[in-house]
Structure formats: C-alpha cells, structure tokens
Amino acid sequence: MPKLTIDGEELEVPSGTTILQAALGRGQEIPHYCYHPGLSVAGNCRMCLVEVEKAPKLVIACSVPVTDGMVVNTDNERVKEAQAAVQEFLLINHPLDCPICDQAGECRLQDYAFSHSTGKSRFVEEKLKLNKAVDIGHHVTLDQERCIQCSRCIRFCDEVTKTGELAFFERGNQAQIGIHPGKRLNNPYSGNVVDICPVGALTLKEFRFETRIWYLENTPSVCAGCARGCNVMVSVGNKQKEMTSPGQFDDRIKRLVPRVNHAVNGHWMCDEGRLSYQRLDAAPRLLSAQAPQGALIEWEQAIVTGAAQIKQAAQSGRAAAILSPRLTCETMFAWKDLFDELGGVRFGIERIASGEDDDLLLRADKGANSTGASWILGERADAEAIVDAAISGKIDTLIMVADPLDPEDTRRLPENLLLKVKNVIYVGPFLDQTAESASLLIPAAAWAAEDGTMVNFEGRVQLVRRCHMPRGEGRPGWRVVEDLREAAGLESRGWTSSADVLESLAKNVTPFGGITEERVGLLGATGVAAAAAGS
Amino acid sequence: MLGTEFEKAVDEIVARYPEPKAAMLPVLWEVQRAKGWIDGASEDWVAQRLGVSSSHVHGVVTFYTMYKRNPSGKYHIQVCTTLSCMLRGCDELVGHLEKRFKIKIGETTPDGKFSLMRVECLGSCGTAPMFQLNDDYHENLTLDKVDKLLDNLP
Amino acid sequence: MEKILTRNIHRESSQSIEVYESNGGYQALRKALGSLSPDQVTEQVKKSGLRGRGGAGFPTGLKWSFMPKEKSKPHYLLVNADESEPGTFKDRLLMEEDPHLVIEGSMLSAYAMHADACYIYIRGEFVHGTRQMQKAIAEAYQKGYAGKNILGSSWNCELVLHVGAGAYICGEETALMSSLEGNRGWPRVKPPFPAQFGVWGCPTTINNVETLACVPFIIERGAEWFAAIGNDEKNSGPKLYCLSGHVKRPGVYEAAMGLPLLDLINEFGGGMLHDDRPLKACIPGGSSVPVLTAAECDVNLDFDSLAKVGSALGSAGIMVMDSSTCMVKALLRIAHFYAHESCGQCTPCRQGCGWLEDILDRIEHGKGRAEDIDLLKSIADNIEGNTICALGEAAAWPVQSFVKRFRPEFENHVTEGRCVVAAPA
C-alpha cells in the first residue's frame, strides 16, 4: 500500500488510488469540476492541479495514482495561483446569470469563486454568445453559455445509460454541449445530468424557477416509486413565506435528488422516481374523517364505527383487506397484527407492475415494499382473490389500505363489488374515486409524511422519513391501526413511534431479526445478515 | 442510403480497422464525396453503421474544418492566412478576391459558383501566398495569376 | 553535405517504385528483415542519435524502447503525417516526391516495433500527397513490402493511409490516436503513455514522417555514419529546413543538422527579400517556438543550440521577418491560429487562447490599454504548464517571447493608438 504525504500529513492508501481520491477519502476537498466518482476520469477542467515534489509541472490530482513516497502540496502559493487562473478562465465567458439561475447556492463555480479566485475580473472583451434555455428533453433544459465544458453529462450518457445523446459540437472556445438536431434527451435517467452538472447549464424543467435552494429543508429518505428503493434526499419548501391558495400548504416537496448508496442505486435515480412526488397532487387530499357524501365526522366516531364494522365482519369470517405494496413495514405489521388477533380476516397485497426490469435501476415491480409485504403478510396473498370474494358476496367489510404515493395505484372498486359489500373502509391520504366509493374514510399519512421502513427487492431494509407533517388529520398508518385496535377492545401495543413498531417487527418477523432504526441508518441494512450477526 | 456501391466502399473501409468506429473520418469523406456535404440524415446513417450515436457523429463533423455542413460553391477557394502567407501578401490576395466576387470571407456568390474561406497553414509556406481551390493547391500567386486562373475556370 | 533525404526529389518519376528501387530503395528493409532482429534495428536507431523531427526532438531509439518487451496485444506504428505547424512543409515534400522513402522508413520502423499494422495519418488538405502515397502503397503491397509475409518473412503488417479532415491538434500524438479511433481530435491525459496504452488500448509508437525517412539510411549506412553528420552526436543526421517569409528563395533545404541560421537565410535562401529591409526577427522552429530578434539569429539550427538561446528547433519551420513587419500584427495572426485550432477540451487553452486573440486584436487596432501588455503575459503564464497537451505552451510561448523581445512596439501601439511600423507600399 503506497504511502503518501499530503500537506505534511502521512497517509497510506490502496494501490491505484489517485491523489484526489486519497484526499477526498480523508475528507479533504481539492477543488474540482469534471471528476465524478461514478464516471470515468476526464482531466479537462484543470481545477484539481496540485504540486507533486520532483515533478516539473503541476499535475491533476484526479488522474495521477499515488506512488510510494509521493509528496503532495495542495495548498501552497503555486497551487493557489493555478486554481485562481483556472477559475478566472472559467469565468471570462460565463454569463452573469446568478440572479436567474437555479443553481445558485449549490453551484461549484460560485463556491470556488469565493474560495479559490482573486475575486476580480480582468476580462473586458465581449463574452461569447451561445444558446440559452434550449429544450433538449422531457425534463432537461440546456444553457450553453453557462456550460463549463466539464463533460460530466456526456460521460453519463455514454457510460451509464449508454445512450450517447449528448456530445460536444464545434471546437475551441466555441465548444458547446448539444444534441443531434431532431433528437431528444429522453432516456429514463435524463434527470441525473442535472444533478451532476456543476453549474446551471443543465436544469430540471420541473424545478425551474421553483425556489431558491436555501429555502429548502432536506431530509434523507427512500423513493417509493418501485422495488429498487433508490436513496433520495427529499427537499421540502420551508421557511418561505409564500402565499398559496387556500387548502394548500407551503411545506411542499419541491424536488427529489438521489443520495449515494452503492448497495442500492449508486449515484443515480430514474426520472419516474425523481418526479414521483408529483403524484401526490394527482388527487385532492383527504383531510378529515368522512362518511359518504363528504359528511365530515369526528375522528373518534370514525374509529369506533370502523372498529365495530371490522370486528363484526371478522367474527363471521366476512372481513377482508387489500393493502398497498407501498405501505411501510410498520403499517403492514400493525394491520397483520390486528387481523391475526381478530381472526377471520382475509387480506391481499395489491400488485403494481409496469414495464420491465432494466439493466440499471428500474424495476417492473412498482411496489416499493413488495418484499416487506411478503415477509410480513406471508407469501403474496393476492388482491385479486379478495376482489373475487367480494364480488361473490362473501365479504361484509372491506378495508382498502390505500397507496400512500399514487392515488392511481389504489384500485377503483367496480359497481358489482360495491353492491355486494356492506362496508367499504378507505384508509389513506387521498379523496380519490376509491375513497369516494367508500362508506367510511379515515385519513392516513401519505409517503414522506410518516417515518417507517421499506424493504427493497434485494431484501434491504431502508428508512423512509417524514419530510413534512401529514395533511389535515392524517396520521401514520400504524397509529390508525392502534386506534382501531383499542376501539375494538383489544390490548394496545403501546407503540409511540415507528421505532417502537420496528422493535416489535424485529421480535416477531424473522427476516427483521436484529433490525433497529440505528442499524438501518442512512444506508439501510439487510435483515437476514443482521439476524445472523446476532445483534 | 447512397446506393450499394457506396455501401460496398464503406465496408471496404471498415475492414481496414480493428473497430468500426475508427472508419469514421474516411467514411465521412465518402459521404461528402457522394453528396457534396454532410447532412443530419447522413450522420444518422453513419452513426448506425459504425455503432455510435448520431450526436457523436455530429460532434466529429463539427470538429474538423474540412467537413461541410452545407452545400458550398462549385469552386471552394480556401486562402491560407497564417504567418508566412501573411508575410508574403495573403491579406492583399484576400482583399482582391473579396472585391472580385463581391463577397466577404465565409460567403458564397449568389450564383453558387464561388465560396471564399480563410484557412490556417496549408503547409505551403515556401510558395506563399497561395490558396487551395477544391482539391488543388495554387501556389506562388500574384494578383494577375489569380485573375487568369479564375477567368479560365470552366 | 550530399543529398540524403532529398536524393530522389528531382528525379523524373521520383514517386514510382521502379525509380526508387533502381536508386537503392528498399535495400535497407531487405537487410533488416534478412539479417537484423527488431531489437537490433532499434539499437541502431538509438546509436545514431536520431531525434524526432516532428517538433519535440525526443530521442527516437529511446521512444521505441518504451514498447513492451513481451507482446500480449497487437502493436501499432502510427506515422504522423498531419504536418500543420505554421512554417513547416518538409513532410509534404517527402510524401509528394519520394513516397517510397516514407514507406520504407515506416515499414522498417514497424518491424522494429513488432507492429501488426502501420497507419499513416495524413492531413486532409494534402490531397496531392494523399494520391502519391496511395499509389505508392499499392505498389509496395504488390512488391511484398507490406501486407502478409513481408519479403517472404513471417512478419505481417498492414499499411493503411488514414486521411484527416482539418485539425492542427491531430498532429499531437494522443490527439492523433483519438482521431484515428473515430473521435474528435482530443489529446489524452498522460499517463497512460502510448507505448503502454495507445490506439485501441494497444502499445503504440507515433513518429514523424521525416524521422522515419531517416531510418533506411541509418540501417543501410550505419548508426555511426548518421551520428557523425552534424556538429555533435546529440544533434545528428541530415535535416530538412523549411525557409519561408521575407527571403528571396523560400523552400525546403537539406543540410547537416546544426546549419547556422544566417547561412540558411543568406546562402540557401538568397538573402533578405528586399535588400533595403534588413532582418528584424525570426521564428526558427514553427510558430510554436519563441521568436528571436535579429541579434539572436547568429545561432546554429539544432535542438540544443536553439534551446540554449531560449527557443527551439521544433519542426524546423524558419519564418523570417524583415523590418517592414509589424510584430503586433504578426503575433495577432499567430494568436488567431491557436485560438482557431484549440480543441477546446481543457480550460486554460480553451478560454485563454481566445482571450489572447481578443486583446491582441484591440492593441493592433488602436484600442489597447497600458495594462493589456502585462495582462497578455499573465494569461500566457497561466496557460503554460496547466494544460493537457503542448498546444497550451505553443500558444503561450509566442506571446511571452514577442512581448518580451518587442515590448516597445506593443507599447507604441497602445500609446499611439495605431500601428507604428510603416508598411511600405
């Protein structure tokens, strides 16, 4: 393992590590633009120039592997001059767009202008004019003037999606990012180029002019779009005194960006997942408990009524539930626990599938917690069987535990079912068609409004976090069940938080053995391994 | 796209290299020879044939100065204006040509017969000033020689 | 010195293989394949002191020795016929007039490199040269000098002409490789070096046309003979000098390495173009190398002598400027070249070259400011050493050297607001 001295400190690194990787590995920032750990090394921005003793010229840290005994200075006058020079060169033709550019506040060019430049411009010539606000794809807008030609976006399309939509056209200072005339940047992962663009050259249409990033509150969580469970950072608009129309709230999700997790999604996420939060607006929210025809009722009343309907139907084996595969493990466990104790309740998991698994991240199974469902609720009881039973007149009380992300994914109940079932209880966040066909509506938290865990298709338990308060009277699914349990005269489990529920899960469901919120942390944990480790 | 003869020629070219992509420059020359210039559809064809994206091909076409992205004049006059030619009077030559054709550098005459382009060192510094007319170098030029040459073009 | 590299140039039908062979051509290749191992060929070239004639002057034998000893992948020899350095036109001469010399040199070198194929990358503008080379290559294949079982040996090596499309940067080794692979001509970060990881990931050597043209003579007449030509063994062999600019007889002249610059101008070149306009400045090695004032022109044209006076032999493109030359305009013209030819890959060159041209344009047209002159130097200093390839230095050195040696002329442009060098009618 070669030993390196960097700014006076000795460091041992695995063979093949570059100077930049060695520095980043110990939390030291060497400024850079074109390097990205998920892409090949380009070495073209020249911002990471450092001094290596005995080398005649400065070298780029991103591409030079550490050799034993190498002595590197990243912080002396010579290096600082080079950094300031590169920064100056990058700014001479860069448009003064900061006041209108989405990237402001998370822009490397801005950051390094503060930290690594002279702060003065010596350029008095005409800046180059290129195309601005170019629509290059469903989700991406290009501003050629802002581009610093780092080539990250091109490398992403070449190496990760292997679709090659983007390339450099022209040469010299006319070199500009573009797409073949007539073509579109529409691969399923196009949004990632916005994440990796160090400046505001590539921006996401859905986020354009939406807000300033310093008004965002960021919470690490997991996407509920499919069974991959890409790790994300959910950004909620907060601290903004924006006047919105009545009934809306100013803490809304403004965007999702991927979080790095090499066991799940690497550095990336798909566009479908990235924009999945928009589905939360596909239907109005269910804010209070309701009876049919929009008659609002007290929470207590709804719970008592609901508990009675469930208990009675269960007693004659005529109760059933259809659960969304996107519910948290905690919510699923709470329902299972209730059904087990009552006895006589059939339950099935909804299936949501579309498309195919691809070579990258997308899964055909859109049930983010399908695996959690099979672990907790047993080998996939099918929602279809429940529907058939209901249509055949075998069910008195049907509980629809709705999809917390997408109202379209909670099935619409057909007339012939509604005629046969006495009580349809909707538990979920939306006032959609399914809810409106119900006889009792109980609001539950949507995705990103409650804490909990989900298990991805590879058996990884991951934490979904509450990023904002549930709307109206909505509360976490497992808490609804607690209330129903009490009203049904059963003993309360005494859960006060999702962590409590997880503890019960860990005790009662084998694959969750040894799992705690701590162990799961930000990057998830595999249940079986945890069990084997014997916490 | 441009006929079986063309595709055969392309196959022959591709066979000279260990990877199809390496045939890029010669194949683009074939396209330009056949069509006079390289359009988007040709770029799509080349991309498909060589296993790359159309954007990659467009990136290549726009990088190299000799690939034409638009039809040019029948006679494409490329005047060298780098240092040695400058020392031997190429600026005067350019002025003379602009006056004769009533166009500026970078333009084509309205009848489509002549286009005038400024280029960098053509490796003819010992016989400056000079220009390249389509494929041919015309060296040791004087204004008289130029007029005679251009007058006698078919 | 007898004509060596140019011995065939003025013969009738010099391009034909018959003429080439009848004057001793391909004897060296026969000798090598018959009695020398590839390593022995490399040894000879090392001993000869041959240094690259493309611009860098790197010892050729040493470069060849970088190729792997064990062959595990195909090996390639690339011939850099992309001659685009302003002031340079010697490779063109060889390819147009004596293509078989280039071919024999290439095949000999390919043999030394254990090459499986040799690609000659010729610039797109050299249409006439391309035609000559194509014809000659076909002739060479016919006679068994290229292709399978060359001259009856077990060695196979294809010889392919690859035509460029207008990009000076493709004369840079790694950019040439990128271009050959079918990409934009972007230089590559080194390491890895071509001998380890070159075209298509295989060990590759790239040499200039004139460099390779020397090899048949080294093999035929011996390394010692070659090393003895010139003033010292570190600067040896016959050299093609390209003379252009304000002289009576511009052209390519062959002489022993180390010819005095003033001899080239006065003896070979017939002296200054106009008797009443004396020598003012001279760029001795193609526009990328630092300019010399007239006083500095009393120097020998070899690698080390020119390095000593702060310039370089480079591609031996000697550009002569007389007293009528406006140095600001000349530098502007050079700066335009680099701005136009910059590939755009790395920040300092991409942005810096254009900036230099903009400033020089203002100075030349009377809109310069006093601080612009130091700014030029600062920008050039900021490009130098910080780029992926030597085009950065090539753009920086002219600016630094012109400003340093002719500063008063730049200052005058600024204070007078116009060009002050009287250009005669």
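General observations
- Selection from the stretch B:141-154 of residues that are over 24 Å from C:R123 (Cβ atoms) and part of a loop (DSSP other than H, G, I, E, B): B:T142, B:N152, B:L153, B:P154
- Test: residue in the stretch C:334-354 that is of a type in the set (A, V, I, L, M), facing chain A (nearest Cβ under 9 Å) and either closer than 19 Å to C:P408 by Cβ or not in a helix (DSSP H, G or I) (or both): no
- Any hit, the stretch A:143-164, residues being away from chain B (no Cβ under 14 Å), among the basic types (K, R) and open to solvent by 20 Å² or more (accessible area, probe 1.4 Å): no
- Tallying residues that are touching a Cys at 6+ places or on another chain (Cβ under 9 Å) and either open to solvent by less than 20 Å² (accessible area, probe 1.4 Å) or among the basic types (K, R) (or both) within the stretch A:90-99 yields 2.
- Criterion applied to A:P443, A:P476 was being at negative phi and open to solvent by 20 Å² or more (accessible area, probe 1.4 Å), and the one residue passing it is A:P476.
- Taken together, the residues in the stretch A:42-59 that are within 7 Å of chain C (Cβ to nearest Cβ) and at negative phi amount to 5.
- Under the condition of being within 18 Å of A:G38 (Cα to Cα) and either open to solvent by 50 Å² or more (accessible area, probe 1.4 Å) or modelled with pLDDT under 95 (or both), the residues counted in the stretch A:165-186 number 0.
- The residues on offer are C:T60, C:T6, and the sole one that is in contact (Cβ under 8 Å) with a residue 60 or more places away in the chain, within 19 Å of the chain's Cα centre (by Cα), at negative phi and open to solvent by less than 10 Å² (accessible area, probe 1.4 Å) is C:T60.
- Restricting the search to strands (runs of 3 or more DSSP E) fully inside the stretch A:109-215 and requiring at least 1 residues that are touching a residue at least 40 places away in the same chain (Cβ under 8 Å) gives A:140-142, A:176-179, A:202-204.
- When each of C:K46, C:K69 is tested for being more than 14 Å from chain B (Cβ to nearest Cβ), at pLDDT below 95 and open to solvent by 40 Å² or more (accessible area, probe 1.4 Å), the lone residue that passes is C:K69.
- If you go through the stretch C:118-144 and pick out every residue that is outside any helix (DSSP H, G or I), over 20 Å from C:C214 (Cα atoms) and within 14 Å of chain B (Cβ to nearest Cβ), you end up with 4.
- Matching residues in the stretch C:11-20 - criterion: being touching a residue at least 24 places away in the same chain (Cβ under 8 Å) and either open to solvent by 20 Å² or more (accessible area, probe 1.4 Å) or in contact with a Pro (Cβ under 8 Å, 6 or more places away or on another chain) (or both): C:Q15, C:S16
- Filtered residue count, the stretch A:60-89, keeping only those that are buried (at least 18 other Cβ atoms within 10 Å of the Cβ), within 15 Å of A:L24 (Cβ to Cβ) and at the interface with chain C (Cβ under 10 Å from one of its Cβ atoms): 4
- Among residues of the stretch C:255-273, those that are touching a residue at least 60 places away in the same chain (Cβ under 8 Å) and within 13 Å of chain B (Cβ to nearest Cβ), counted: 0
- Scanning the stretch A:282-323 for residues that are touching a strand residue (DSSP E or B) at 6+ places or on another chain (Cβ under 9 Å), of a type in the set (D, E, K, R) and part of a helix (DSSP H, G or I) yields a count of 1.
- Cβ pairs under 8 Å, 6+ apart, first in the stretch B:20-38 and more than 10 Å from chain C (Cβ to nearest Cβ), second charged (D, E, K, R): B:G36/B:K68; B:W37/B:K68; B:W37/B:R69; B:I38/B:K68; B:I38/B:R69
- Taking first residues from the stretch B:83-106 that are open to solvent by 10 Å² or more (accessible area, probe 1.4 Å) and partners that are among the basic types (K, R), the Cβ contacts under 9 Å between residues at least 6 apart in sequence or on separate chains come to B:M86/C:K329; B:M86/C:R333; B:V94/B:R118; B:E98/B:K104; B:F101/B:K113; B:I105/B:R118; B:G106/B:R118.
- Across the stretch C:161-186, the number of residues qualifying as open to solvent by 20 Å² or more (accessible area, probe 1.4 Å), under 17 Å from the mean Cα position of the chain (by Cα) and at the interface with chain B (Cβ under 10 Å from one of its Cβ atoms) comes to 1.
- Scanning the stretch A:453-480 for residues that are among the hydrophobic types (A, V, I, L, M, F, W, C) and either more than 14 Å from the chain's Cα centre (by Cα) or outside any strand (DSSP E or B) (or both) yields A:V455, A:F457, A:V461, A:C467, A:M469, A:W478, A:V480.
- Selection within the stretch C:355-374 - assigned to a helix (DSSP H, G or I) and open to solvent by 10 Å² or more (accessible area, probe 1.4 Å): C:E357, C:D358, C:D361, C:R362, C:E364, C:A370, C:E371, C:D374
- Taken together, C:G55, C:G34, C:G25, C:G87 contain a single residue that is in a loop (DSSP other than H, G, I, E, B) and more than 18 Å from the chain's Cα centre (by Cα), which is C:G25.
- Filtered residues of the stretch B:41-51 (kept if open to solvent by 30 Å² or more (accessible area, probe 1.4 Å) and either outside any loop (DSSP other than H, G, I, E, B) or away from chain A (no Cβ under 12 Å) (or both)): B:A41, B:D44, B:W45, B:Q48, B:R49
- Candidates A:D102, A:D135, A:D111, filtered to the one that is acidic (D, E) and surrounded by 21 or more Cβ atoms within 10 Å (Cβ to Cβ): A:D102
- Note on the stretch C:375-425: residues that are open to solvent by 40 Å² or more (accessible area, probe 1.4 Å), part of a helix (DSSP H, G or I) and not charged (D, E, K, R) total 4.
- Check on B:V60, of a type in the set (V, I, T) and open to solvent by 30 Å² or more (accessible area, probe 1.4 Å): no
- Leading residue by the ranking (farthest from the chain's Cα centre (by Cα)) among those in the stretch A:499-520 that are more than 19 Å from A:A263 (Cα to Cα), of a type outside the set (V, I, T) and open to solvent by less than 10 Å² (accessible area, probe 1.4 Å): A:L505
- Single residue of C:L279, C:L240 found to be of a type in the set (A, V, I, L, M, F, W, C) and open to solvent by less than 10 Å² (accessible area, probe 1.4 Å): C:L240
Okay, residues lined up against (1) at pLDDT 95 or above; (2) away from chain B (no Cβ under 14 Å); (3) assigned to a strand (DSSP E or B):
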residue	(1), (2), (3)
C:L159	yes, no, yes
C:R188	yes, yes, no
C:P191	no, yes, no
C:F197	yes, yes, no
C:A213	yes, yes, no
C:I219	yes, yes, no
C:E224	yes, yes, no
C:K239	yes, yes, yes
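The values are calculated or read from the model by the stated rules, or taken from the named source; none is laboratory data. Note that this is a predicted model, so its numbers are computed, not measured. Ideal geometry is used to build each Cβ from the backbone, glycine not excepted, and the neighbour counts take in all protein chains shown. Surface accessibility is based on the protein's heavy atoms, side chains included, excluding ligands, DNA and RNA. Shrake-Rupley method; radii C 1.70, N 1.55, O 1.52, S 1.80 Å.
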